[in-house]
Amino acid sequence: MASLILIADDDDQILDTVGFLLEESGYRTCVANNKQAMFAEIETKNPDLIFLDVELGADNGFEIALDIRKTSNTPIIMLTGKSSETDRVVGLELGADDYITKPFSTAELLARIKAVLRRSRIAATQNEAAPKDIARFDNWQCDTKRRTLTTPEGTTVKLSSGEFSLLLALLKSDGRAMSREHLLDVTGKDDSFDRSIDIQIMRLRRKLSDVQTDEQFIQSVRSVGYIFTPKVTWS
């Protein structure tokens with residue numbers, strides 16, 4: 001079945017134009033012009049991807065993305081009229097999987113949607129291919145089947161689809177240093193924004209931080225990339 005994309009924007013022209021382009025390209029769509037309607041669509045229709053305007057009426061799209069990440073790993077592409085790198089980094093920091101600015105071309109829109117959906121499918125495939133379902137490290141637990149990460153205290157940590165795909169690659173690295181290029185490849189990331197992996201690593205580090213020991217599980221390796229330092233066991 002074709003992927004279902006939720007378009008959340010308070011501009012009727014954007015809803016009509018993007019909806020038409022996506023349906024012409026073989027996707028299914030649903031729309032929302034405010035935060036309440038968007039969450040109702042998420043709950044009832046479980047979309048495969050959310051196309052979210054940074055300014056959704058009176059609501060802040062960045063805050064909405066953060067709210068989505070509290071309960072869902074559904075991929076998010078942020079839409080904005082601003083082109084500053086700061087806004088882009090903020091969107092990625094808060095859990096968005098990609099970012100597109102107005103005006104955008106049909107080719108760029110479709111390419112970014114295709115790339116994000118592909119990364120989501122790769123993450124799901126990696127979960128299925130994992131030899132065991134549960135990875136444990138330093139009293140943390142990652143259930144690859146349920147797509148959950150649990151702290152030593154038993155608290156569930158919410159991860160975006162991109163963050164989970166990156167974490168799974170690190171967990172399966174068997175203590176080997178992994179280059180940025182390899183991480184781009186295994187996570188299906190083909191974005192020209194070359195800081196994207198570094199930003200996702202930064203977000204993972206924060207979510208994996210051990211406040212008591214100030215230990216950093218993901219270490220930088222100069223001129224190489226990153227290495228996941230804890231011993232990982234699977235069951």
Helix 161-171 vs. the chain, principal-axis angle (Cα, 0 to 90°, nearest 10): 20 degrees
Among A40, A96, L15 - extreme Cα towards positive end, dipole of segment 4-121, charges at beta-carbon: A96
Estimated FRET transfer efficiency (L110, Q13; beta-carbon r; R0 22 Å; 0.05): 0.75
Extension gain (nm, one decimal) between R176 and Q219, 0.36 nm per residue minus Cα-Cα: 14.4 nm
Between 0 and 90°, nearest 10: helix 196-207 axis offset from the chain longest Cα axis: 60 degrees
Length added when fully stretched, T233-S25, from 0.36 nm per residue minus Cα-Cα: 70.6 nm
Karplus-derived HN-Hα couplings along segment 14-25 (A = 6.51, B = -1.76, C = 1.60, θ = phi - 60°), whole Hz, x at Gly and Pro: 5, 4, 5, 5, 5, x, 5, 4, 5, 5, 5, 8
Computed lengthening from A37 to I134, 0.36 nm per intervening residue step minus Cα-Cα distance: 31.3 nm
Prolate/oblate/rounded call for the chain, Cα gyration tensor, a/c under 1.5 rounded: prolate
The chain, relative contact order [Cα under 8 Å, separation at least 6], %: 15 percent
Other-chain or far-sequence residues with amide H under 5 Å of C30's (modelled H): I5, L6, I7
Residue-by-residue Karplus 3J(HN,Hα) for segment 133-139, coefficients 6.51, -1.76, 1.60, Hz, glycine and proline x: 8, 10, 10, 10, 7, 6, 6
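Computed from the coordinates by the stated procedures, all read-outs in this text should not be read as laboratory data. Nothing here was measured: the structure is a model prediction, and the numbers come from that model. For neighbour counting, all protein chains shown are included, and Cβ atoms are generated from backbone atoms with ideal geometry for every residue, glycine included.
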